[in-house]
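As structure tokens, the structure follows; a few thoughts come after it.
Every read-out reported here was derived from the displayed coordinates using simple, explicitly stated rules and does not represent laboratory data. Since this is a predicted model, take the numbers as computed values, not measurements. For neighbour counting, all protein chains shown are included, and Cβ atoms are generated from backbone atoms with ideal geometry for every residue, glycine included.
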């Protein structure tokens with residue numbers, strides 16, 4: 001049985017090249033019972049898909065832009081989050 005470190009290495013390698021049949025089998029078996037490696041594999045797939053889509057959008061020139069209203073709303077929320085909290089009222093003694 002392979003440990004998590006070996007499986008994550010194989011999952012990463014599988015993004016670039018096809019693994020041998022016994023490596024694919026070992027990864028699948030490990031992913032059946034290891035939630036952490038399943039999460040890692042899902043995150044790697046998500047990042048790969050997102051970077052491919054972003055690269056394709058840049059080539060097409062169709063990179064989405066934020067509207068001025070969305071930018072203003074983000075600015076307002078950031079400023080509100082950065083303001084110091086109000087001091088709680090003092091209790092009578």
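The table that follows gives values for the structure above.
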read-out: Mean Cβ neighbour count within 10 Å, used as a protection proxy, ranking 68-80, 19-31 highest first; value: 19-31, 68-80
read-out: Segment residue 13-residue 51, extension gain: residue separation times 0.36 nm, minus the distance between their alpha carbons; value: 12.0 nm
read-out: Ellipsoid semi-axes in whole angstrom, largest first, where each is sqrt(5λ) of the Cα gyration tensor of the chain; value: 44, 27, 7
read-out: Relative contact order [Cα under 8 Å, 6+ residues apart], the chain, whole percent; value: 21 percent
read-out: Helix 4-14 vs. the chain, principal-axis angle (Cα, 0 to 90°, nearest 10); value: 80 degrees
read-out: Gyration tensor (alpha-carbon) shape descriptor, segment 44-83, a/c threshold 1.5; value: oblate
read-out: Computed helical MRE - 222 nm, the chain, DSSP H runs ≥ 4 contributing -39500 (n - 2.57), nearest 500; value: -23000 deg cm²/dmol
read-out: Pairwise FRET efficiency - residue 58 versus residue 2, Cβ, R0 = 25 Å, nearest 0.05; value: 0.10
